[in-house]
2 protein chains.
Amino acid sequence: MLKNKQIFLKETPQDKLSNAHFEIRTSEIPSPADGQILIETLYISIDAANRAWMQGRTYRDQILPGNLMAGFALGKVIETKNNNFNVGDMVEGDLGWQNYSLKSANEIVKARIISSPNLHMSVLGITGRTAYFGMQLANLKNKDTVVVSAAAGAVGNVAGQIAKIKGCRVIGITGSKEKSQWLIQDLGFDGVVNYKNGNWLKNLKELCPNKIDVYFDNVGGDIFESIMFRMNNYGRVICCGALSQYDRAPPKSGPRGIPGIIVTKRLSLRGFIVMDFDDQKEEANKQLQEWIDNKKILVAEDIVEGLENTPSALIGLLNGENKGKRLVKL
Amino acid sequence: MLKNKQIFLKETPQDKLSNAHFEIRTSEIPSPADGQILIETLYISIDAANRAWMQGRTYRDQILPGNLMAGFALGKVIETKNNNFNVGDMVEGDLGWQNYSLKSANEIVKARIISSPNLHMSVLGITGRTAYFGMQLANLKNKDTVVVSAAAGAVGNVAGQIAKIKGCRVIGITGSKEKSQWLIQDLGFDGVVNYKNGNWLKNLKELCPNKIDVYFDNVGGDIFESIMFRMNNYGRVICCGALSQYDRAPPKSGPRGIPGIIVTKRLSLRGFIVMDFDDQKEEANKQLQEWIDNKKILVAEDIVEGLENTPSALIGLLNGENKGKRLVKL
């Protein structure tokens, strides 16, 4: 008989995340009560935010020891006691790190599948749309110099490709030679610097002779600090994530020059969360699918198999293992 | 015979500014060459930015040892070899810390005086308009909770009064009991906290039970850091100045939580410089004058007499001596 495997957070990590912070348990597959829907998970989205959720309350409750590990996922309805959902419906939401979940109607939304299901977890999913809406906020102009950090990541690679579509000069920041080559040769970035190379800032200056108009920041920390000093007047900084800060103890200090440099350079910094744009989701997905069809966006997915590998998939992502969107296929 | 007194920067301050960093010299009053205008200074504007200009290049060149001290001022044309300017014209620009200056036409603008001249250096001057345009960027909504730092300063007091006009709940941050009382009793602030009091943040929380929608930041530093954690989602931070950072050695670190908190709270931070809005200057002055006439804005000026007192006037301002706009009258 089929069982439900579930992964729980065992302990709040104080520094780097490891497998020891998780615990896997097996239980019976639950049955829906009135109004509930039973879902079989197909794909779990692996996101740096998963780690940030362990640090404290953000736009959602903190994940505490003993909690089922939270995670955005795509699933299929397999049993329903809710009239608004039918068996076979594809749904998405925080289904957690488990094979089966019981949800009420307000915890999930129907996924309007217009492409292959996995694509709805990558370029047509939260990370692809994060890139899309973030770049919308950046108000890109033709020939802008755009810098994207974590450029080979799920959000970064799409953000960079969108900036290319808009006629910008796009420079990526990434952490390996292999990813650098991939970004330039396969995705069409104009240049890439490797932040693990001591010369990265010098290299970046050379690649941005007209300085930086838009910085799409996925990492925060020292890279954020350095880039702020390279921005053009009236530059726009899209604050999408702070990956460098998630898998460590809270830092004792923040970036120098803030907010003075925001004033003197007349910068605008804008934070956002993709869920705030849910009303424009279908429109965004339509545009992204069109770009995929026209080969303007290359889909980069990094698919890991099996629920039991979910912790390692996240740990690896935090260490920069992935190229493009990392998913766990159940 | 009349002479020109001039104040030069003698040495770049490494920490707090003192009179020893300046040197006063006396010279002949110069004569205009073809195209030039000779101006007698009436009022010198004392601004925290004067100190920031000594720290390095910003939106203007650094003031270096040996340079005439820069400063925005209002003056009267007393001799002219330029057809676009007549004797008696009121002009403004960076006339520097001196009684008389020779300028070419592109270094000054004619002041369209619609009120008493001193008012054109306070509420109708760069500081009043800084408050005006900054609050325009804040997109104030009725009942917003607005916090203003350096609230008794030239910009802060007007910024707070404008937010009151717009129907907001306005809380000031200032550094003395006397200034706190003045802000509440005379300017109509809803509450004030004294940042020199160890309980200031606790007091601020109590005064902002619905947290903070708009923070008009004149100071940066620890206050900026603390306020960021009290912002509401979708809050707006107007980065106007970083007074806490000007009169000291450059700090080793910046505010914690940046940029992570910008993301999770979906904040927008916006830096600006009043000169960027020069095309809307007359419109702003008209509105400000109307508010003054209707007693919606109380004019607060702090006028020091005599060029030789200009260094002390700036040093005092950096130490929080002034209430409202500090000017030196020559």
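Residues in the stretch B:61-89 that are of a type in the set (A, V, I, L, M), open to solvent by 50 Å² or more (accessible area, probe 1.4 Å) and in contact with an Asp or Glu (Cβ under 9 Å, 6 or more places away or on another chain): B:78, B:87. Contact map, the stretch A:240-262: first residue closer than 15 Å to residue A:17 by Cβ and facing chain B (nearest Cβ under 7 Å), second residue surrounded by fewer than 21 Cβ atoms within 10 Å (Cβ to Cβ) and aromatic (Phe, Trp, Tyr), Cβ cut-off under 9 Å, separation 6 or more or different chains; the map is empty.
If we keep just the residues of the stretch B:305-319 that are in contact (Cβ under 8 Å) with a residue 40 or more places away in the chain, open to solvent by less than 30 Å² (accessible area, probe 1.4 Å) and not polar (S, T, N, Q), which is farthest from residue B:242 (Cα to Cα)? Among them, the one singled out is B:307.
The condition of being crowded, with 17+ Cβ neighbours inside 10 Å and among the hydroxyl-bearing types (Ser, Thr, Tyr) holds for only one of A:12, A:41, A:58, A:26, that being A:41. Filtering A:164, A:211 for residues that are basic (Lys, Arg), open to solvent by 10 Å² or more (accessible area, probe 1.4 Å) and touching a helix residue (DSSP H, G or I) at 6+ places or on another chain (Cβ under 9 Å) leaves a single hit, A:211.
Which of the following residues is buried (at least 16 other Cβ atoms within 10 Å of the Cβ) and under 19 Å from residue A:154 (Cβ atoms): A:124, A:140? When all the criteria are applied, what remains is A:124. Here are A:87, A:77: which of them is in a loop (DSSP other than H, G, I, E, B) and more than 23 Å from residue A:251 (Cβ to Cβ)? Residue meeting the stated conditions: A:87. Name the residues in the stretch A:288-303 that are open to solvent by 30 Å² or more (accessible area, probe 1.4 Å), touching a residue at least 40 places away in the same chain (Cβ under 8 Å) and under 30 Å from residue A:69 (Cβ atoms), would you? If the condition is that a residue be open to solvent by 30 Å² or more (accessible area, probe 1.4 Å), touching a residue at least 40 places away in the same chain (Cβ under 8 Å) and under 30 Å from residue A:69 (Cβ atoms), then A:299, A:301, A:303 are the ones that fit. Checked against the criteria, residue B:104 counts as over 17 Å from residue B:296 (Cα atoms) and surrounded by fewer than 16 Cβ atoms within 10 Å (Cβ to Cβ).
Okay, residues lined up against (1) of a type outside the set (Asp, Glu); (2) assigned by TED's automatic domain parsing to the domain that holds residue B:319; (3) at pLDDT 95 or above; (4) within 24 Å of residue A:259 (Cα to Cα):
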{"site": "B:149", "(1), (2), (3), (4)": "yes, no, yes, yes"}
{"site": "B:157", "(1), (2), (3), (4)": "yes, no, yes, yes"}
{"site": "B:166", "(1), (2), (3), (4)": "yes, no, yes, no"}
{"site": "B:188", "(1), (2), (3), (4)": "yes, no, yes, no"}
{"site": "B:196", "(1), (2), (3), (4)": "yes, no, yes, yes"}
{"site": "B:201", "(1), (2), (3), (4)": "yes, no, yes, yes"}
{"site": "B:206", "(1), (2), (3), (4)": "no, no, yes, no"}
{"site": "B:220", "(1), (2), (3), (4)": "yes, no, yes, yes"}
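The values are calculated or read from the model by the stated rules, or taken from the named source; none is laboratory data. Everything numeric here is computed off the predicted structure, so don't read it as measured data. In this analysis, Cβ positions are derived from the backbone assuming ideal geometry, glycine residues included, and neighbour counts consider all displayed protein chains. Areas reflect the complete protein model, heavy atoms only, side chains present, ligands, DNA and RNA absent. Shrake-Rupley method; radii C 1.70, N 1.55, O 1.52, S 1.80 Å.
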